[in-house]
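Have a look at the structure below before the remarks.
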Amino acid sequence: MKALIVALALIIGPAPALAHKVIAGVFAAGSTIEGEIGFSNGDMAAEAQVLVLGPDGAELGQAITDADGFFTFVPTQPIAHLFRADLGAGHLAEVTMPADEVAAILGFAPTKSAEVAETAPPSAALSNAERQAIAEAVRNEIRPLRREIAAYKEHTGLQTILGGIGYIAGLFGLGFYLAARRKLAG
């Protein structure tokens, strides 16, 4: 009986590990930096503390993620911002927004030339409040897409490659089996 259990364990093999990667991203959202932290399996880092560090390692501030893993931070200096969150169990999220993007958020972006200003689209006539409302609506619509893309990237990685190799090996095994049967029958 014991041998049967051992043989079954060897045939079935160990249960697969459900590995996942930490996913983190930051982007400009009007006058703030908005970020998202979660895992590749779709779980988001709810109520996680996010440290914001400058290029010299000095702390610039902190943020807390909401239930959907999103956070916002208002920058005050046009320097690179490193966002770091310890999610436990060895998971560390780190993502950096370059200094030029932070400078653009703070209004230090290069000014437009006169030619570009003359051919500005009709949206230039919108008030600042209208622009912010539109930007907020677009961000809310894009959030689920970002999660789906991140999950898709994770699932088409090593697991897909190994599955394809296993499929090919199985076809070869079936071919050898059929060839052996023909040889024995003939």
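The values are calculated or read from the model by the stated rules, or taken from the named source; none is laboratory data. Everything numeric here is computed off the predicted structure, so don't read it as measured data. Here Cβ is always computed from backbone atoms with ideal geometry, including for glycine, and neighbour counts include all displayed protein chains. Keep in mind that these areas ignore ligands, DNA and RNA; they rest on the heavy atoms of the full protein, side chains included. Shrake-Rupley method; radii C 1.70, N 1.55, O 1.52, S 1.80 Å.
The listed residues THR65, THR72 rank as THR72, THR65 when sorted by accessible area, largest first, using a 1.4 Å probe.
With 0.36 nm allotted per residue and the present C-alpha distance subtracted, the LEU184-ASN128 stretch has 11.9 nm of extension available. Length gained on full extension, LEU171 to LEU92, computed as 0.36 nm times the residue gap minus the Cα-Cα distance: 24.3 nm. Note on surface exposure: PHE83, PHE27 rank PHE27, PHE83 by accessible area, highest first, 1.4 Å probe. Here the simple spin-label model places points 7 Å from the Cα toward Cβ, and for THR160 and ILE79 these points are separated by 4.1 nm.
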